[in-house]
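First comes the structure, then the notes that go with it.
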Amino acid sequence: MNISTINSALTPQREMLLSHPLYERVKTVDDLRHFLEGHVYAVWDFMSLLKALQSKLTCTTTPWLPVGNPEIRYLINEIVLAEETDINAEGKRQSHYEMYHDAMEACGADTVAVNDFLADVVETQNIFVSIKQSSLHQNIKDFLDFTFRVIDEGKPHEIAAAFTFGREDLIPAMFTEILRNFEANFPETDLSKLIYYFERHIELDGDEHGPMAMQMVTELCGNDADKWKEVQDVSIAALEKRIGLWDAIEEKMMHQDLASI
């Protein structure tokens, strides 16, 4: 088994996500705001997967020791550098989550819910408790719970699978075109930061982070058939949870449409 066979196994779920009716429902600025308010949790938990990989695959404690494979250390540290301290639209350093959060505020999306959720995470010091007691849609809870179960179990190749297959590259390039149309039709709504975020992600995922992440999975699995099978299982499950997340966001849009009739 290898990257090609994993990608083949994921084809049905990836096609469901890339053709999900959610994209067709993003027709107004309110729809876009609902999308952002749900998707932000995927932006945030992606950072947690990344830091879990850095913790597992590099030395983040003292005294420093040469942990693991230097090639993998390089790959993960390069991704961390860009995801945690990239250059934002104003030329300042910022994590991609913070960029997304600022973009939400700029276009009028609600950030209170995610702010409250993260505050509760700090207060409880237990992500599973925070997820369970939150008022989030059950699908979003399931999405987050899955991510942190994978992290909690701590197998590097499984964390790498959840990180690599089916993350932000599942937002197709057409979404940027939707944003550009909104920018033209709703000039009073500031979408510049959001467009910058998505274009930056497309650039990094396609040119750098995608190939790096694939190489990382390959290095971690080697010739171990059991590890490759676990990578496939985690990747399929991760995509199914993402489908559930998309379903939850679409449901919120539909309820909003019904309320306005």
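Roughly how many percent of the accessible protein surface of the chain is carbon and sulfur, given a 1.4 Å probe and a whole-percent answer? Ligands and nucleic acids excluded, carbon and sulfur give 51 percent. Beyond 30 Å in Cα-Cα separation lie the following of the pairs LYS27/LYS155; LYS132/LYS155; LYS132/LYS193; LYS193/LYS227: LYS27/LYS155; LYS132/LYS193; LYS193/LYS227.
For the chain, the 222 nm mean residue ellipticity estimated from helices alone, with every DSSP H stretch of n ≥ 4 adding -39500 (n - 2.57) and the total spread over all residues, rounds to -23500 deg cm²/dmol.
Here the calculated FRET efficiency for GLU199 and LYS27, from their Cβ-Cβ distance with R0 = 22 Å, stands at 0.55, rounded to the nearest 0.05.
Globularity index of the stretch 115-261 is 1.24 (Cα radius of gyration / 2.2 N^0.38 Å, N = number of residues).
Rounded to the nearest 20 debye, the dipole size of the stretch 80-153 about its Cα centre is 100 debye, using +1 on the Cβ of Lys and Arg and -1 on the Cβ of Asp and Glu.
The C-alpha atoms of the chain define a longest principal axis, and helix 138-153 lies at about 20 degrees to it. The overall shape of the stretch 119-170 is oblate: from the C-alpha gyration tensor, with semi-axes ordered a ≥ b ≥ c, the ratio a/c is 1.5 or greater and a/b is no larger than b/c. Determine the shape class of the stretch 62-194: with a ≥ b ≥ c the square roots of the Cα gyration tensor eigenvalues, call it rounded for a/c under 1.5, and otherwise prolate if a/b is greater than b/c, oblate otherwise. Verdict is oblate for the stretch 62-194.
Shape of the stretch 1-88 from the C-alpha gyration tensor: oblate (a/c of 1.5 or more and a/b not above b/c, with a ≥ b ≥ c the square roots of its eigenvalues). For the chain, place one equal point scatterer on every Cα, skip the solvent, and apply the Debye formula. What is log10 of I(q)/I(0) at q = 0.08, 0.11, 0.13, 0.15 Å⁻¹? Log10 I(q)/I(0), no solvent term: -0.32, -0.62, -0.87, -1.17. Farthest towards the positive end of the charge dipole of the chain, among the residues ILE140, SER19, GLY108, is the Cα of ILE140, using unit charges on the Cβ of Lys, Arg, Asp and Glu. Extending 7 Å from Cα along the Cβ direction at LYS229 and again at MET1 yields two label points whose distance is 0.7 nm. Rolling a 1.4 Å probe across all protein chains gives TRP44 an accessible area of roughly 40 Å².
Between ASP152 and LEU81, the modelled labels are 3.4 nm apart [label points 7 Å from Cα along Cα→Cβ].
Accessible surface calculations at 1.4 Å, restricted to protein heavy atoms, place the stretch 32-174 at 44 Å² per residue. From largest to smallest, the equivalent ellipsoid semi-axes obtained for the stretch 79-125 from the alpha-carbon gyration tensor read 22, 16, 6 Å. Relative to the Cα centre, the charge distribution of the chain, modelled as +1 at Lys and Arg Cβ and -1 at Asp and Glu Cβ, gives a dipole magnitude of about 480 debye.
The values are calculated or read from the model by the stated rules, or taken from the named source; none is laboratory data. Quantities reported herein were computed from a predicted structural model and do not represent experimental measurements. Here the Cβ is made from the backbone with ideal geometry for all residues, glycine too, and neighbour counts use every protein chain on show. The area values use the complete protein model at the heavy-atom level, side chains included, leaving out ligands, DNA and RNA. Shrake-Rupley method; radii C 1.70, N 1.55, O 1.52, S 1.80 Å.
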